[in-house]
Amino acid sequence: MTKSRAMYVVGLLAGAAVFGIFAVYGSPAEGHAIGIWPVALASAPLLVARRPPTSVVLALVFLIAVVTIWTGRPLDVSIGLAGAITLETWVFWRIFTNGVRTRPTLYTDRELARFILASAAGAVAVAGGAALTSEVTGWGTPGLLALALAASGLASQLAVTPFFAKLRGHGGMAPLAERIVQWVLVLTVTPIVFALDDFPAIVFLVIPLLGWAALRDGAYEALAQLFAVLGIAIALTTRGHGPFAVVDRYGLDPDVQGILLCTFIVDCALIVIPLMLSVGEQLENARQVAGERDRVQNIVHGASGVAIIGTDENARVTLFNPGAERLLGYTAEEMTGHTTRSLHSDEAIAEKAAELGVANDFEAVAKAIVAMVGPTDMRFLRKDGEERSHSMSLNRIEDDRGKLLGYVSTSEDITERLRAQEAALEALESERRAVERLREVDQVKDAFVSSVSHELRTPITSILGYTEMLEDGVYGDLHEEQLDAVRRVGANSARLLSLIDDLLTLSRVQEDGLVFVDRLVDLRKIVAAGCAVVAPTLERRDLEMTIDLPDDPIPFLGDRDMLERVVINLVGNAVKFTPEGGRIDVGLVTEDESALLSVADTGIGIPLEEQEKLFTRFFRSSLAQEQAIPGSGLGLSIARAIVEKHGGSMSVESAPGEGTTFRVRLPVLAPG
């Protein structure tokens with residue numbers, strides 16, 4: 001333990017001693033309780049430092065408690081209550097941190113629930129010790145003394161301990177002027193309500209001020225305002241002012257004063273801390289959603305060879321990507337808000353209506369294309385008047401309740417392909433084979449566009465729906481529905497990002513081949529980085545993953561990003577196809593002159609008869625389709641192409657219901 005950390009621990013324990021003495025002296029002279037003893041400060045060394053050992057810290061807490069309580073209570077009572085406080089300290093630390101000497105995080109609702117549970121359990125423990133002390137020593141009433149110490153411990157832990165946990169460091173949303181007004185109101189209203197003895201109800205005027213700070217300020221400033229209110233409340237109540245200091249007027253035991261004050265503190269803490277954490281999580285999720293949205297937009301805008309057009313339910317354009325601008329000649333500004341009817345001539349509509357057997361009407365033709373499975377050819381009218389043939393898919397965009405939000409079409413210009421096909425009918429046999437190859441490539445592209453269009457439906461639905469609701473404030477500022485919408489948008493955005501990234505990579509494989517930037521890399525770091533990318537998804541699942549990497553570097557000459565993509569694909573598939581409670585093992589070893597990467601899972605497996613097709617583009621196993629597990633069927637084909645480009649090989653072993661193991665073998669550099 002460093003010197004500064006040691007001084008910090010000493011300071012916390014010294015603070016517990018000082019405030020413990022003040023608590024005992026400030027308690028009612030006719031009472032039997034010990035005021036609000038600072039058990040949070042006594043627990044803090046267990047949260048912020050690994051040393052001294054837990055047993056030493058607990059012994060010091062016991063000693064401090066005995067000495068401070070003995071200043072105002074008999075020795076036997078002091079020993080009993082000190083033991084109860086020490087037990088409370090241990091119980092709280094054990095539950096809140098799961099028995100680990102590390103500074104706990106307080107970010108999520110689950111961590112908040114654990115914190116409250118730990119505080120409540122500690123309160124129950126100290127209550128039991130206080131009741132036993134009262135029974136043995138005859139000091140006070142067991143029930144009332146137990147209630148007084150339980151309320152004191154609960155108030156101390158809930159109000160003070162969050163300061164020693166890791167909180168989200170968001171800066172809040174309130175401007176400086178608003179924060180000044182908050183502080184002025186807190187520092188004026190609180191003394192006023194606690195200076196009046198005859199109006200108990202007005203004490204709750206302070207709570208809206210604290211809620212305001214929790215919603216608008218940063219976490220630590222909200223806690224500071226909570227401390228200010230509690231400091232004023234405790235100081236004035238101890239001096240006999242305020243609604244909690246006049247319990248004798250109603251014939252109540254003097255210890256009820258402390259119980260009422262602690263109840264007020266608990267109320268304030270249970271309002272400020274959940275709101276504060278919820279705001280921090282909302283801001284963090286909003287930041288991530290905005291980042292994912294920008295990345296998706298960048299990728300969509302980067303698909304210059306594909307026209308992606310989104311519309312509302314009335315076919316008015318809401319999205320017109322650069323690919324559409326290049327292929328159709330219009331700018332996004334010119335098309336936004338206008339119907340897509342202007343992109344098709346009357347002759348093209350009539351021709352398509354006759355082909356589909358529907359009425360010669362744009363709306364009827366559009367509905368028929370939506371009902372089709374796979375892409376269809378359609379003539380598009382460019383801004384310069386030229387008519388071009390496109391292979392297009394048109395799909396509905398629906399929200400999770402099935403309500404129509406609009407449509408999205410993806411298309412590519414196939415005019416030159418059609419012309420080449422017509423000319424190839426009269427060409428020589430060699431030219432015919434070339435045309436067949438072109439047709440095969442185009443069929444792959446058509447099928448891929450169809451797959452992407454289908455998979456884009458839900459993500460775009462979430463982007464257009466939930467993002468709009470988030471930005472317009474439909475759910476309000478902090479409701480649970482808004483948090484749920486943000487999570488949905490983030491998940492679907494990541495899904496869309498992965499699909500479009502596969503589109504761009506497949507296009508490079510088909511046309512120009514994969515372009516690698518060969519550098520000397522360490523395969524251990526690539527495997528670790530790939531696993532780290534998948535880690536956020538793993539944390540949301542009940543899965544166990546182990547990563548076994550060698551101690552020595554494994555040098556390799558290759559493209560770091562492409563190799564990392566292989567790891568992400570294999571580990572991501574393992575997470576995706578492994579049910580809850582399963583296990584994933586990632587290992588990297590060297591064998592002779594090669595490195596062997598293995599990714600094994602206990603997932604749903606792959607039937608033996610389907611394993612030969614596993615690396616075929618767009619292939620998805622029957623088990624994945626039966627369980628409706630989403631995917632494009634491109635990841636493994638791209639991964640194997642990357643591995644083979646690096647001079648390696650990829651193999652698979654699997655059995656239904658038993659799991660799957662992928663192995664990637666790559667040649668490593670010879671030493672020296």
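The values are calculated or read from the model by the stated rules, or taken from the named source; none is laboratory data. Values in this document were obtained by computation on a predicted structure and should not be read as measured data. Cβ placement follows ideal geometry from the backbone for every residue including glycine, while neighbour counts extend to all protein chains displayed. Areas reflect the complete protein model, heavy atoms only, side chains present, ligands, DNA and RNA absent. Shrake-Rupley method; radii C 1.70, N 1.55, O 1.52, S 1.80 Å.
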What full-extension length gain, to one decimal in nm, is calculated for E111 and D361 as 0.36 nm per residue of separation minus the Cα-Cα distance? 84.2 nm
Alpha carbon centroid spacing (whole Å) that separates the stretch 587-616 from the stretch 341-395: 45 Å
Can you give the FRET efficiency for K166 and A59, using 1/(1 + (r/R0)^6), R0 = 41 Å, r = Cβ-Cβ distance, to the nearest 0.05? 0.90
24 Å Cα-Cα threshold exceeded, pairs from K166/K576; K3/K166; K525/K613; K525/K645: K166/K576; K525/K613
Integer Hz, Karplus 6.51/-1.76/1.60 couplings in order for the stretch 551-558, x for Gly and Pro: 6, 8, x, 10, x, 8, 9, x
Difference of contour (0.36 nm per residue) and Cα-Cα distance, R663 to L283: 132.7 nm
Given the C-alpha centroids of the stretch 50-99 and the stretch 640-671, what is the distance between them in whole angstrom? 57 Å
Solvent-accessible surface ranking, highest first, for Y25, Y107, Y220, Y407 at 1.4 angstrom: Y25, Y220, Y107, Y407
Largest first, how would D559, D361 line up by accessible area (1.4 Å probe)? D361, D559
Could you give the radius of gyration (one decimal) and Dmax (whole number) of the Cα atoms in the stretch 35-143, in Å? 14.5, 44
Would you work out if the stretch 514-604 is rounded, prolate or oblate? Take a ≥ b ≥ c from the square roots of the eigenvalues of the alpha-carbon gyration tensor; rounded if a/c is under 1.5, else prolate when a/b is larger than b/c, oblate otherwise. prolate
Reachable lysines, given that their alpha-carbon falls under 21 Å from the alpha-carbon of K403 and they are not under 8 places away in the same chain: K367
Among A600, N573, L588, which residue has its Cα furthest toward the positive end of the charge dipole of the stretch 564-610, with +1 on Lys/Arg Cβ and -1 on Asp/Glu Cβ? N573
Enclosed volume per residue, in Å³, of the convex hull spanned by Cα atoms of the stretch 227-383: 221 Å³
For the stretch 72-113, what class follows from the C-alpha gyration tensor (a ≥ b ≥ c being the square roots of its eigenvalues): rounded when a/c is under 1.5, otherwise prolate if a/b is larger than b/c, else oblate? prolate
Any idea how far apart L557 and T141 come out in nm if each label point goes 7 Å out from Cα toward Cβ? 8.7 nm
Within-11-Å neighbourhood charge of K367 [Cβ basis; K, R +1; D, E -1]: -1
Report the label-to-label distance for E422 and D592 in nanometres (one decimal), using points 7 Å from each Cα along the Cα→Cβ vector. 5.7 nm
Evaluate E = 1/(1 + (r/R0)^6) for D400 and F615, where r is the Cβ-Cβ distance and R0 equals 41 Å; express this FRET efficiency to the nearest 0.05. 0.75
Just to be sure I follow: if Rg is taken over the C-alpha atoms of the stretch 177-242 and Rh is the Kirkwood radius over the same atoms, what is Rg/Rh? 0.98
Is the stretch 135-292 best put as rounded, prolate or oblate by its Cα gyration tensor, with a ≥ b ≥ c the root eigenvalues, rounded for a/c under 1.5, and otherwise prolate when a/b is larger than b/c, oblate when not? oblate
Expected sort for 66-72, 595-601 on mean C-beta neighbours within 10 Å, highest first, is 595-601, 66-72
Between R382 and V181, the two model label points (7 Å from Cα along the beta-carbon direction) sit apart by a distance in nm of 5.8 nm
Charge tally in the Cβ shell below 13 Å around P550, where Lys, Arg are +1 and Asp, Glu are -1, P550 excluded: -3
Looking at the calculated P(r) for the stretch 8-66, what percent of the C-alpha pair distances fall above 17 Å? 37 percent
Could you tell me the extents of the stretch 141-208's C-alpha atoms along the three principal axes, largest first, rounded to whole Å? 51, 38, 13
In order over the stretch 306-313: 3J(HN,Hα) from phi, Karplus 6.51/-1.76/1.60, θ = phi - 60°, whole Hz, x for each Gly or Pro, gives 10, 8, 10, 10, x, 9, 7, 5
Would you please report the Å³ per residue occupied by the convex hull of the alpha carbon atoms in the stretch 100-148? 90 Å³
